[in-house]
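The values are calculated or read from the model by the stated rules, or taken from the named source; none is laboratory data. Here the structure is a predicted model, which is why all the values come from computation and not from measurement. Because the Cβ atoms are built from the backbone with ideal geometry, glycine has one as well, and the counts that use them run over all protein chains shown. Accessible surface areas use protein heavy atoms only, side chains included; no ligands, DNA or RNA. Shrake-Rupley method; radii C 1.70, N 1.55, O 1.52, S 1.80 Å.
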Amino acid sequence: MISFNTLISRFIPLLPKVLAYQFAKRYVAGTSKESAFKVIQNLNNSGYLVTLDILGEHTEDSRMANSITEQYIDLYHEINNRKLNCNISLKPSHIGADINKDIFNTNLNKIITISDQFSNFVRVDMESSKYTDYTIQLFEQNRLKTDNIGTVFQAYLYRTYNDIVKLDKKNLNFRLCKGIYKENKDISIHNPTEINDNYLKILRYAFENNIYVGIATHDTLLLSLIYKLIEELQPLKDTFEFQVLYGVPMKGWNEKHINNGYKIRVYVPFGDDWYKYSIRRLKENPDIAGYVLKNLFSK
Ligand code: FDA
């Protein structure tokens with residue numbers, strides 16, 4: 001039977017945007033950079049590191065891709081001026097990967113240059129499997145120019161372990177997540193336990209080889225198994241960080257990480273493109289819809 005929260009989360013996309021924002025706002029740091037900086041400052045004050053993302057993907061127009069690139073460049077300046085502990089995450093298709101490689105490479109180069117200038121860091125998010133080869137390739141090419149770049153690998157793809165093992169371990173830096181896109185069964189694992197097994201296999205490889213890894217998951221069962229792995233392999237604390245999405249409830253795990261002296265980085269998205277992103281978050285976790293509704297009416 002369909003739960004009350006699932007019903008609400010299905011109803012939210014039908015609401016006018018102004019109302020939907022009431023539900024959505026816990027997942028996005030507002031639409032302006034000023035609102036994002038407030039969130040980042042608060043997170044930094046509470047001991048969290050941040051990675052900042054401008055919402056949006058699949059840009060079709062080169063002027064728009066260039067404008068997004070300029071916005072990222074501006075963010076690096078602001079982060080530096082405000083002394084925030086914050087790097088950048090971006091999606092290749094947002095800055096031109098769908099238009100052509102030249103536009104994308106030019107834009108990424110500009111971003112890497114400014115990131116390097118401020119000794120900051122850029123993480124290239126992993127999109128659907130259509131982009132996997134391309135993203136690994138661009139990561140490999142740019143890694144020759146700078147240490148301040150990382151990418152993302154998805155534990156649900158069968159290919160991922162081999163992809164990682166093939167890479168030079170020196171200065172390798174990746175975020176490990178389960179993967180969020182709908183992929184075919186011939187290329188991706190669909191069984192949740194098997195995805196977790198693959199996640200742990202990859203993480204073990206990273207720990208055993210001193211590869212810097214961002215452990216991105218909210219799955220509390222998986223986190224318990226990760227803690228066991230940390231206990232077994234004793235990786236150095238400066239070779240990994242936990243990563244969470246802004247607004248996703250962590251049931252005490254963030255406090256636990258902090259008490260253990262582990263780093264946590266919060267992925268903070270902001271921008272005008274908040275609607276699609278937030279609706280996706282609500283569909284993924286219908287419990288949040290009920291929680292937000294209760295807050296709305298108990299004020
Ligand atoms: P799981 O899906 O089992 O979720 C565990 C619990 O957490 C759920 O029961 C739910 O309650 C809650 N939860 C999880 N995700 C939620 C969400 N989004 N909203 C609300 N509640 C949620 N993927 C990708 O393909 N490419 C990428 O570059 C990234 N980048 C990325 C960065 C960071 C910091 C994180 C945390 C995640 C990503 N992801 C991603 C998404 C990732 O692949 C995955 O889809 C989600 O994190 C959900 O998987 P979990 O490991 O959290 O477990």
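Couple of notes before you dig in:
Rundown of residues vs (1) assigned to a helix (DSSP H, G or I); (2) within 29 Å of VAL248 (Cβ to Cβ); (3) at pLDDT below 95, yes/no style:
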{"position": "THR31", "(1), (2), (3)": "no, yes, yes"}
{"position": "ALA36", "(1), (2), (3)": "yes, yes, no"}
{"position": "ASN44", "(1), (2), (3)": "yes, yes, no"}
{"position": "LEU52", "(1), (2), (3)": "no, yes, no"}
{"position": "SER67", "(1), (2), (3)": "yes, no, no"}
{"position": "ASP74", "(1), (2), (3)": "yes, yes, no"}
{"position": "ILE79", "(1), (2), (3)": "yes, yes, no"}
{"position": "ILE103", "(1), (2), (3)": "yes, no, no"}
{"position": "ILE111", "(1), (2), (3)": "yes, yes, no"}
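- Complete set of residues in region 45-74 that are under 15 Å from the mean Cα position of the chain (by Cα) and among the charged types (D, E, K, R): ASP53, GLU57
- If the condition is being within 13 Å of the ligand (Cβ to nearest atom) and in a helix (DSSP H, G or I), then region 113-133 contributes SER129, LYS130, TYR131, THR132.
- Any helices (runs of 4 or more DSSP H) falling wholly within region 136-253 and containing at least 3 residues that are open to solvent by 60 Å² or more (accessible area, probe 1.4 Å), over 24 Å from GLU57 (Cβ atoms) and in contact (Cβ under 8 Å) with a residue 24 or more places away in the chain: 192-208
- Counting the residues of region 88-117 that are open to solvent by less than 30 Å² (accessible area, probe 1.4 Å), of a type in the set (S, T, N, Q) and free of Cβ contacts under 8 Å to residues at least 40 places away in the same chain gives 2.
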